[in-house]
Amino acid sequence: MATSAQNPSRVPAPAELDGATLRQAFGAYPTGVVAIGALRGNEPVGFAASSFVSISLEPPMAAVSVARTSTTWPLLAEAPVLGLSVLSHGQGALCRRLASRNGNRFDGVSWQATPDGAVLIGDAALWLTARVNAVYDGGDHEIVLMELLTAELFSGVEPLVFHTSQFRELIPHG
């Protein structure tokens, strides 16, 4: 960002990069939210992540960052196929439940499993299935690179948007 020599006092002092400051700073960037799930036995297991990102069209790949402290990721890491559901604008409460560390995350949730055990959330904006391709060190997170296998887009369904710790709706500009 360029500053004017006439008014150098407009540049704020940089904030120290501690966890709270970074969480607030990263929250300024709006993201979608993805539910990641698979069957463990006959029960769904999963969590919500806002760190999902597309990586490559050829081959089709995406990635997600998972906290090393996650107790759910080790249950999903060995699944043959993962379900990725881009949550829709009305699923904020569901997102909070899937992000919770307490209770049954799937209690009362509309979901279905594919024949290979990927769990997909009903009323989502997009369903993807994926296979873990590689896992990389990402500091206090693991970066999970996934090969995308299938995609089913539900046109007209708006995604859930997470920004400054709140769920928001998209409004067309123009």
Practice prompt. Taking the convex hull of the Cα atoms, report for the chain its projected area averaged over all directions, in nm².
Written response: 13.4
Discussion item. From the phi angles alone, apply the Karplus equation (6.51, -1.76, 1.60; θ = phi - 60°) to region 70-81 and give each ³J(HN,Hα) in whole Hz, x where the residue is Gly or Pro.
Written reply: 4, 8, 8, 4, x, 6, 8, 4, 9, 5, x, 9
Response to the item:
Taking every other residue with Cβ under 12 Å from the Cβ of Pro60 and scoring Lys and Arg +1, Asp and Glu -1, one gets -1
Practice prompt. Multiply the residue separation of Asp18 and Glu78 by 0.36 nm, subtract the distance between their alpha-carbon atoms, and state the gained length in nm to one decimal.
Written response: 18.3 nm
Item to complete: Taking H placed 1.01 Å from N in the peptide plane, check which residues at least 5 places from Met61 or on another chain put their amide H under 5 Å from its amide H.
Response: Ile55, Ser56, Leu148
Worksheet item: Taking the Cβ of Leu149 as the center, what net charge do the other residues with Cβ under 10 Å away carry, scoring Lys and Arg +1 and Asp and Glu -1?
Response: -1
Practice prompt. Would you order Leu153, Leu87, Leu98 from fewest to most other beta-carbon atoms within 10 Å of each residue's own beta-carbon?
Written response: Leu153, Leu98, Leu87
Response to the item:
Among trypsin sites (Lys or Arg not before Pro) in region 49-158, those in a DSSP loop whose Cβ has at most 12 other Cβ atoms within 10 Å are Arg68, Arg101
Worksheet entry | Structure-based [θ]222 nm, the chain - -39500 (n - 2.57) summed over DSSP H runs of at least 4, per residue, nearest 500 | -3000 deg cm²/dmol
Worksheet item: Short version: ³J(HN,Hα) in whole Hz for each residue of region 82-88, in order, from phi by Karplus 6.51 cos²θ - 1.76 cosθ + 1.60 (θ = phi - 60°), x for Gly and Pro, what are they?
Response: 10, x, 10, 10, 6, 5, 9
Practice prompt. Work out, step by step, the length gained on full extension between Glu147 and Ile55: first 0.36 nm times the residue separation, then minus their alpha carbon distance; give nm to one decimal.
Written response: 32.1 nm
Practice prompt. Could you tell me, in Å, what Rg and Dmax come out for the Cα atoms of region 54-109?
Written response: 13.5, 39
Worksheet entry | Residue exposure sequence - Val132, Val144, Val53 - by fewest surrounding Cβ within 10 Å | Val53, Val132, Val144
Worksheet item: For the pair Ala93 and Thr71, how long in nm is the line joining their label points, each one 7 Å along Cα→Cβ?
Response: 2.5
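Every number here is computed from the coordinates shown, using simple stated rules; none is lab data. Keep in mind that this is a model prediction, so the values were computed, not measured. A quick note on method: Cβ atoms are made from the backbone with ideal geometry, for glycine too, and the neighbour counts reach across all protein chains shown.
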